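Everything below concerns the one structure shown next.
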Amino acid sequence: MSIAENLRHIQSQLTTGVTLVAVSKTHSQEAIMEAYQAGQRIFGENKVQELTTKYEALPKDIHWHMIGHMQSNKVKYIAPFVTLIHGVDSLRLLQTINKEGQKIQRVIPCLLQVHIASEETKFGFSPLEIQAITPSQISELPWIEIQGLMGMATFTDDNTQVRKEFDTLKQLFDQLKSTLFTNQASFNTLSMGMSDDFHIAIEAGSTLVRVGSSIFGHRDYTV
Ligand SMILES: *Cc1c(COP(=O)(O)O)cnc(C)c1O
């Protein structure tokens, strides 16, 4: 199937209120343009260099999401244009993004990444660390808008476990929405679900799914 057909197929499985990020990392500008011609405007990348190169070359009405691990010293390269940074996983990184936002007088939309998987290697705040964030810490970050949470489930065929992890993230999201962010309507995004588990994520309350290989085909990391 073509990229356009894949996109339509994925879109037809999304319920109302769920937005698709087409994860284009490692894929060519031509592949992105094929999705763009089919109407897709939100794309996700996980490397700063690749993201800025594609941003510069491709149409300016594309919304670029940074979905990968963010290094502090690279924030400045994407701060002027990035639509949403998904993977913010420390207060220190929040402070860096805030500083870069201030420099260019742009409020930068971010999601806090939460570690919900059983695997050790994935980045993110623990649920306890998230719950420990205080209103005064948030008020010290005027150049950041925290729009929600992001998480990745364990890489497993056990759908029960995946569902449990997504449920945990959804509960945390609801809890923060009614406490720390109760006066902030823009805290409304729950980024969870990828090609293999977005159905489960949507059932659990995802509002933003990040789908790559089901649209663009498998990635070849050797090129
Ligand atoms: C690569 C990636 C995706 C997309 O994964 P697929 O399995 O190809 O859909 C989603 N989220 C993050 C954070 C990724 O790095």
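The values are calculated or read from the model by the stated rules, or taken from the named source; none is laboratory data. No experiment lies behind these values; they were computed from the predicted model shown. All Cβ positions, glycine included, derive from the backbone under ideal geometry; neighbour counts span all protein chains shown. Remember, those area values only see protein heavy atoms, side chains included, never the ligands or the DNA or RNA. Shrake-Rupley method; radii C 1.70, N 1.55, O 1.52, S 1.80 Å.
Structure notes:
- Subset of the stretch 179-212 (residues that are free of Cβ contacts under 8 Å to residues at least 24 places away in the same chain, within 16 Å of the ligand (Cβ to nearest atom) and open to solvent by 40 Å² or more (accessible area, probe 1.4 Å)): 196
- Number of the exception - residue 94 against (1) farther than 21 Å from residue 196 by Cα; (2) hydrophobic (A, V, I, L, M, F, W, C); (3) open to solvent by 30 Å² or more (accessible area, probe 1.4 Å): (3)
- Selection over the stretch 4-62 of residues that are away from the ligand (no atom under 16 Å from the Cβ), part of a loop (DSSP other than H, G, I, E, B) and on the phi < 0 side of the Ramachandran plot gives a count of 10.
- Qualifying residue in the stretch 23-37 (condition: out of contact with any helix residue (DSSP H, G or I) (no Cβ under 9 Å at 6 or more places or on another chain) and open to solvent by 60 Å² or more (accessible area, probe 1.4 Å)): yes
- Unique match (being over 17 Å from the mean Cα position of the chain (by Cα) and open to solvent by 10 Å² or more (accessible area, probe 1.4 Å)) among 3, 62: 3
- Inter-residue pairs, beta-carbon under 9 Å, first touching a residue at least 40 places away in the same chain (Cβ under 8 Å) and more than 17 Å from residue 128 (Cβ to Cβ) and in the stretch 83-100, second assigned to a helix (DSSP H, G or I) and among the aromatic types (Phe, Trp, Tyr), 6+ apart: none
- Count of residues meeting criterion [within 19 Å of the chain's Cα centre (by Cα) and exposed (fewer than 15 other Cβ atoms within 10 Å of the Cβ)] in the stretch 124-152: 1
- Residue ID - nearest to the ligand (Cβ to nearest atom), chosen from residues in the stretch 65-80 that are open to solvent by less than 40 Å² (accessible area, probe 1.4 Å), touching a strand residue (DSSP E or B) at 6+ places or on another chain (Cβ under 9 Å) and more than 12 Å from residue 43 (Cβ to Cβ): 68
- Long-range neighbours under 7 Å by Cβ, at least six apart or interchain, first residue modelled with pLDDT of 95 or more within the stretch 161-178, second acidic (Asp, Glu): 162/197
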